[in-house]
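What follows is a set of notes on a single structure, which appears directly below.
The values are calculated or read from the model by the stated rules, or taken from the named source; none is laboratory data. Bear in mind that the values here come from a model prediction, so they are computed numbers and not experimental data. Positions of Cβ are backbone-derived with ideal geometry, glycine not excepted, and every protein chain shown enters the neighbour counts. Areas reflect the complete protein model, heavy atoms only, side chains present, ligands, DNA and RNA absent. Shrake-Rupley method; radii C 1.70, N 1.55, O 1.52, S 1.80 Å.
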Amino acid sequence: MDDTTGNRDAGLAGRAKPAIDMRMSIAALARSGAVAGVIKLASAGLSFLMFVAVAMVMDGREFGLYSATYAGASLVSFFASVGQQSTVLRFWPQYAGLGDLNSAHGLMARAILVALAGLVGSSLLILLVGFLPFIGRGTPEWFSLCLAAAVLSFSLGWSEFTSGAFRAKNALISGLLPRDIIWRALTIAAVLVLHFVHVEIGAVAATYLTALLLILSVVPQTVLLLRDTGRAERGPLTEQQKREFKTVTLGLWGVTSLPPALGQVSTLLVALILGPEAAGAIFVADRTTRFVVLALNGINQALAPQISAAFYSGDRAHVQRITSLAALSSFAIALCVLAAFWIFGDFILSVFNPAYATPTMRATLVIFAIGATFGTACGPIEILLQLTGLQHALFKVLVVVNMAGLCVTAVATYWLGPIGAALSIAVTVIAWSAIGVSIARQRIGINPSILGFPLGSAMLFPRALLRGRT
């Protein structure tokens, strides 16, 4: 059976309750997207300040170890939760929107168990690496760092899952605040206290502090999620639902883990070719470019459950409207950010290091931003394909395009330096985004890009006229 449709009626007989309208109005969705965008903007600022604060209480070697440990734990956490943060966003709105709360809660319980199993398993693998002496040779703290990384990886993965679970239920602020705001603010405050009392800590202690404060921040989310799921009336999932859960999970696991992992690989590849100094400048330019997609990322936090609820209730017109509107609004903001990079690029780069403010690095920043701006013009293509049963098609595109992109990046970086790295990475983003839009148009008849906005508007006005007549 095509997993773009599935068996939506399986298990509904005899246990369906009145359907819950999971969909928001356009105005409510815009407000939620704005709130999420503000939270994500604040999160980006706090994340930067958190690392600055941590660097203040340790020497250069210890901060280097902390940064490497944090990066490693983050990389593992991308895979550790087995894509369950996206699985709940895919299935909860579908089942709840159809009134099948038994299946919705059963699905949530299953997702919790799968996520915990993945997180525990990955943490144990990190711990196992700590027992391999030939890897950590020359680093006396190797085992302690691996143990701390295992705890941090678990906390990062679990917090991502709980955030997805709450957002699936349209609890947007409750889903985002603990990880994006509270945790980072608590870490900054704790580290500043250490700084003012003149206490220096090592990489191991800093990693434990980061991980434990994150766990503390998501305790209320965890208690509420486990309590609500445990108390809810849950019917066993049908065999069809279990098969669909497994199939969708495998696809979502790949598409949610691959992009950030490949981003880390691209940075390492550039560092190997150009050396650490040039790689540092490119890393800054790449991370600064994320402000281009900040608006779209914020909108996506509110948009995901809306796409799933509308698509699986048969209202593709609503999906067309909200995705194309998201593309238009985020693209307008991205153009403003791109213009700011073009005008103030040298100043922005010099904030990190005056040596980065060169014509080459300014051009690199602008090229990165052009690629990201094109991505926003394509709209929320990733979550659209993930949540409408096309996750396997998206995974194939990401694998093929990014593997080819890595090869091109290696050659272009070697011959053209930072400009070549920026061009190849930007073209990679443009390629898979455009192909993704083409797949959505052909397979489900939805164009989430800015070019789909006229179609979404045409669908909107007849409904408005119809409501006016009734």
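Values as computed for the structure displayed
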{"read-out": "Accessible area of the stretch 305-440 belonging to carbon and sulfur atoms, whole % at 1.4 Å probe", "value": "79 percent"}
{"read-out": "Relative packing of peptides 303-309, 292-298 - highest average C-beta neighbours within 10 Å first", "value": "303-309, 292-298"}
{"read-out": "Solvent-accessible ranking of MET58, MET403, largest area first, probe 1.4 Å", "value": "MET403, MET58"}
{"read-out": "Nearest-ten-degree value, helix 453-469 long axis tilted from longest Cα axis of the chain", "value": "40 degrees"}
{"read-out": "Residue-wise HN-Hα coupling along the stretch 242-257, computed from phi with Karplus coefficients 6.51, -1.76, 1.60 (Hz; x: Gly, Pro)", "value": "5, 5, 5, 4, 5, 5, 5, 4, 4, x, 5, 4, x, 6, 8, 9"}
{"read-out": "DSSP-assigned coil residues among trypsin sites (Lys or Arg not before Pro) in the stretch 130-224, each with at most 13 further Cβ atoms within 10 Å", "value": "ARG137"}
{"read-out": "Residue order for TRP158, TRP342 - accessible surface, 1.4 angstrom probe, largest first", "value": "TRP342, TRP158"}
{"read-out": "Whole-number D in µm²/s for the chain (Stokes-Einstein; Kirkwood sum over Cα pairs; 37 °C, 0.692 mPa s)", "value": "141 µm²/s"}
{"read-out": "Burial ranking of peptide ranges 330-339, 71-80 (average Cβ count within 10 Å, highest at the top)", "value": "71-80, 330-339"}
{"read-out": "Surrounding net charge for LEU224, when Lys and Arg each add one and Asp and Glu each subtract one, Cβ distance under 12 Å", "value": "+2"}
{"read-out": "Net charge over other residues, Cβ less than 14 angstrom from the Cβ of ALA117 (K, R count +1; D, E count -1)", "value": "+2"}
{"read-out": "Within the chain, helix-based [θ] at 222 nm, where runs of 4 or more DSSP H residues each add -39,500 (n - 2.57), nearest 500", "value": "-27500 deg cm²/dmol"}
{"read-out": "Selection from VAL427, VAL114, GLY202 lying farthest towards where the dipole of the chain points positive, charges on Cβ", "value": "VAL114"}
{"read-out": "Mean separation of Cα contacts under 8 Å, 6 or more apart, over the residue count of the chain: relative contact order %", "value": "21 percent"}
{"read-out": "Exposure of THR373 as accessible area (Å², to 10), given a probe of 1.4 Å and all protein chains", "value": "10 Å²"}
{"read-out": "Cα centroid of the stretch 225-256 to Cα centroid of the stretch 78-138, whole Å", "value": "11 Å"}
{"read-out": "Solvent-accessible area of ILE215 with every protein chain in place, 1.4 Å probe, in Å² to the nearest 10", "value": "70 Å²"}
{"read-out": "Exposure ranking of PHE283, PHE347 by accessible area [1.4 Å probe, largest first]", "value": "PHE347, PHE283"}
{"read-out": "Dipole magnitude of the stretch 137-224, debye to nearest 20 (Cβ charges: Lys/Arg +1, Asp/Glu -1, about Cα centre)", "value": "240 debye"}
{"read-out": "Sequence-distant residues sharing a close amide H with ILE446 (under 5 Å, placed H)", "value": "ARG441"}
{"read-out": "Backbone HN-Hα couplings from phi across the stretch 92-97 [Karplus 6.51/-1.76/1.60, Hz, Gly and Pro as x]", "value": "4, x, 5, 5, 5, x"}
{"read-out": "Residues of the chain: accessible area per residue with a 1.4 Å probe, Å²", "value": "43 Å²"}
{"read-out": "Hull volume in cubic angstrom per residue (convex hull over the Cα atoms of the stretch 126-214)", "value": "81 Å³"}
{"read-out": "With every protein chain in place, the stretch 156-236: carbon and sulfur % of accessible area (1.4 Å)", "value": "69 percent"}
{"read-out": "Under 13 Å, Cβ to Cβ, from ALA203 - net charge with Lys/Arg +1 and Asp/Glu -1", "value": "-3"}
{"read-out": "Spin-label pair LEU125/GLU233, simplified geometry with 7 Å Cα→Cβ offset, distance in nm", "value": "4.1 nm"}
{"read-out": "Packing-based ranking, highest mean first, of 231-244, 196-209, 375-388 given that Cβ atoms within 10 Å are counted", "value": "375-388, 196-209, 231-244"}
